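Visitor: Take this structure first; my questions come after.
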Amino acid sequence: MVVATTLWGASSAFLAVVSAPGIGSAAPVAVGGALSLLCVATARGEAPWRTFRADRRLFLCLGGLETANLAFYVAALRLGPLPVVVALHLTAPMILIVSQVLRGKRSLGIAVLAELTLVGAAIGLVAVGRTDSRGTTAVVAGCVLALASAACVAGLVTLVAEHAAQRATLASAGLQLLLAAILALPLTIAAAPSSGWATAQLVAIGALLLGPGFACYWWALRTLDATTAGILGLNEAVAAAIIGAVLTDTLLTTATVVAGGLVLTAVAVQVRTDTAFDERRRRRPRKLSRPYLRSRSRPRC
């Protein structure tokens, strides 16, 4: 999982420096990742087409969510500051908690309120404290798109965690990206990359970084639970911030670093609270629903 999140962080950093990547960049990136994974899967005898036919609905759903995720995320990278966009992208566990609260599966406690407050403070800090050429509207829009991407990730994590153990790893990861690329074709036609060289760069990023990251992700979720994966997922923001600063030869602003730290703190609070809840539930002694008294233990007259 650490390798997967490092590769994703590197892909985020490289996407941010590619010449004018827009919403149409999602398909080339997904194509690159899908081709690399499906070629290796075929060579290993995993039979991707057979895997797809076994559960078409699952992969179509994954492809749709991944299309929205990539489109929102690429657009957010062009509008918002890189560390905060990546950090907001990692708030998927918080979105799952809010969903549980709305559905009555979990109470609205202090921890949930603290998490939402930290995220709101991060967005406000970045929007108000910017000193570069990007306007406040663009920064807020980038943060909103990053949160929308996180919502898609929440759905993806739920589905992959449920089905990863029963599916071929490379074939499943490749099919997810391939269907995402096919569904994202209208976006690519409407807003194609600026040049053929830019398209080649996007395909290379997908093949060398995004695809291998997805393979590691599917393999990790065969054994990891969602809570552990959420903790290790924080590594993506660290990798993206460091690699992005190196590629652009720029220093991170104080407001951006603090805002990213607030979001990561909120995610850590959520994960820690969820872990403590699960631990208390495991330690709680089991009570018999219908206790009874054995006949041999009854007092005799």
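Visitor: What is the sum of charges, Lys and Arg at +1 and Asp and Glu at -1, for the other residues whose Cβ falls under 14 Å from the Cβ of Leu60?
Guide: +1
Visitor: If you don't mind, another one. Shape verdict for the range 48-100, please, from the Cα gyration tensor: rounded (a/c under 1.5), prolate (a/b greater than b/c) or oblate.
Guide: Numbers: a/c = 3.59, a/b = 1.75, b/c = 2.06.
It is oblate, given that a/c is not under 1.5 and a/b is not larger than b/c.
Visitor: How do the peptides 5-12, 46-53, 239-246 rank, highest first, by the average count of neighbouring beta carbon atoms within 10 Å per residue?
Guide: Values: 5-12: 23.6, 46-53: 15.2, 239-246: 19.5.
Ranked by mean Cβ neighbours within 10 Å, highest first: 5-12, 239-246, 46-53.
Visitor: Note down the net charge around Ala171, summing +1 for each Lys or Arg and -1 for each Asp or Glu among other residues with Cβ under 12 Å from its Cβ. Intermediate results must be reported in sequence, preceding the final value.
Guide: Details: positive: Arg44, Arg50, Arg53, Arg167; negative: Glu46, Asp55.
The answer is +2.
Visitor: Regarding the range 1-81, what are the three Cα extents along the principal axes, ordered largest first, in Å?
Guide: 41, 25, 23
Visitor: Let me cross-check Leu116: its accessible surface, 1.4 Å probe, with only protein heavy atoms counted, in Å² to the nearest 10?
Guide: Looks like 80 Å² after rounding.
The values are calculated or read from the model by the stated rules, or taken from the named source; none is laboratory data. Just so you know, these numbers come straight off a predicted model, no measurement behind them. Using ideal geometry, Cβ is built from the backbone for each residue, glycine included, and neighbour counts are taken over all protein chains shown. SASA here: full protein model, heavy atoms, side chains in, ligands and nucleic acids out. Shrake-Rupley method; radii C 1.70, N 1.55, O 1.52, S 1.80 Å.
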